[in-house]
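The values are calculated or read from the model by the stated rules, or taken from the named source; none is laboratory data. Nothing here was measured: the structure is a model prediction, and the numbers come from that model. Glycine also receives a Cβ, built like all others from the backbone with ideal geometry; neighbour counts cover every protein chain displayed.
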Amino acid sequence: MPHLSEKEKSGCRRLLELLPLDDVFALKDTVTNRLIAVESREEAIEAILAYSQDAEEFLKRKKVHRDAIFKYLAREGVTMSPNSEKHQLIKRTVEFWSSEEISAHERKLDILGEPADGLSDLAALGKQFCLWFFCLLNSQNPSQVRSTQDWGPQHFWPDVSLQLHLSTGEQRSEEFSGAEIVSQRLQALAAHERLLFCPNLEAHGLKCVSSAHGLVVVGVAGTIHRDDVFLGIFEEIFGLIRSPTENNRWKIKMVKLKVEAQGGITDRPPAVSFRSTELLSLCD
């Protein structure tokens, strides 16, 4: 009898955590033919995994909703068009589980504490940072599973600056300075405004450059959602500098975030609008 690989089981568990409890129990009944009695979500999930023959069969189940698969992929840093159909999401999920790609969770990512130099492969550093940052930020949204890591000012330099530009029918700009207030304002986007950020970490959605003085600038673009509703696109620029007094941890020195509401979904993935040579000048 075919069975799920360990990576598939791990992925299925995290996906099942996104489903309502009633759907998890209903799925358990379907998969086990009502032969297994359980008393908790955890027991139901383990029964589903034990009796599922392969990943595609699991993903095709009616109770494994399209929106849950989309949210799962977004949390893992796998970018898909918001109007992707379920069969497209299933195909990409199966590919992800069978590939050598490593998710933010499996990586147990602590990019800000990474001891290695990190500058030999800027693209990898930028991608790991974005996986860590947006997974942590999205976990502040009440609709998401909480991260095991703590959001807070400890990830920012004391004099960090934030420039926030909002285009939602009217233009609005906000500026903040200081680790505590910048941390709180960014957290509020997810915790109070219930926004979910889905970064495009492929092709033109991510750009990274470094200066001779150790500053790393990461530019990333993506889509913004509230629950299952597409709201628009974002472009965010981060300036990162290591802290020599904290084991060379990367900490955020500067953030520029532009949010633009859109009435409809386009098939073109969001892209960073700045050329690589322009990114460093944004930190001046």
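The table below lists the values:
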item: Condition broken by Arg226, with the remaining ones in (1) out of contact with any Pro (no Cβ under 7 Å at 6 or more places or on another chain); (2) over 20 Å from Ser81 (Cα atoms) satisfied; result: (2)
item: Meets criteria (touching a Lys or Arg at 6+ places or on another chain (Cβ under 8 Å), under 23 Å from Arg75 (Cα atoms) and in the same structural domain as Ser161 (by TED's automatic domain parsing)) for Gly214; result: no
item: Criterion violated by Phe230 - all others in (1) in a strand (DSSP E or B); (2) farther than 12 Å from Cys198 by Cβ; (3) not small (Gly, Ala, Ser) satisfied; result: (2)
item: Options Glu101, Glu106, Glu85: the member that is of a type in the set (Asp, Glu) and modelled with pLDDT of 85 or more; result: Glu85
item: Qualifying residue in segment 22-36 (condition: closer than 23 Å to Val229 by Cβ and out of contact with any strand residue (DSSP E or B) (no Cβ under 7 Å at 6 or more places or on another chain)); result: yes
item: Residue count for segment 48-82, restricted to those that are over 20 Å from the mean Cα position of the chain (by Cα) and surrounded by fewer than 20 Cβ atoms within 10 Å (Cβ to Cβ); result: 11
item: Lone qualifier among Ile265, Ile241 - being of a type outside the set (Ser, Thr, Tyr) and modelled with pLDDT of 90 or more; result: Ile241
item: Close pairs (7 angstrom Cβ cut-off, 6 or more residues apart or separate chains): in contact (Cβ under 8 Å) with a residue 40 or more places away in the chain and in the same structural domain as Arg14 (by TED's automatic domain parsing) in segment 29-44, assigned to a loop (DSSP other than H, G, I, E, B) and surrounded by 16 or more Cβ atoms within 10 Å (Cβ to Cβ) anywhere; result: none
item: Segment 221-252 - residue that is out of contact with any Leu (no Cβ under 6 Å at 6 or more places or on another chain) and of a type in the set (Phe, Trp, Tyr) and, of those, nearest to Cys130 (Cα to Cα); result: Phe238
item: Test: Ile237 is within 26 Å of Ala68 (Cβ to Cβ) and assigned to a strand (DSSP E or B); result: no
item: Meets criteria (of a type in the set (Asp, Glu), within 19 Å of Lys258 (Cα to Cα) and not assigned by TED's automatic domain parsing to the domain that holds Leu16) for Glu170; result: yes
item: Residue, surrounded by the most Cβ atoms within 10 Å (Cβ to Cβ), within segment 122-136, restricted to residues that are out of contact with any helix residue (DSSP H, G or I) (no Cβ under 6 Å at 6 or more places or on another chain) and free of Cβ contacts under 8 Å to residues at least 60 places away in the same chain; result: Leu136
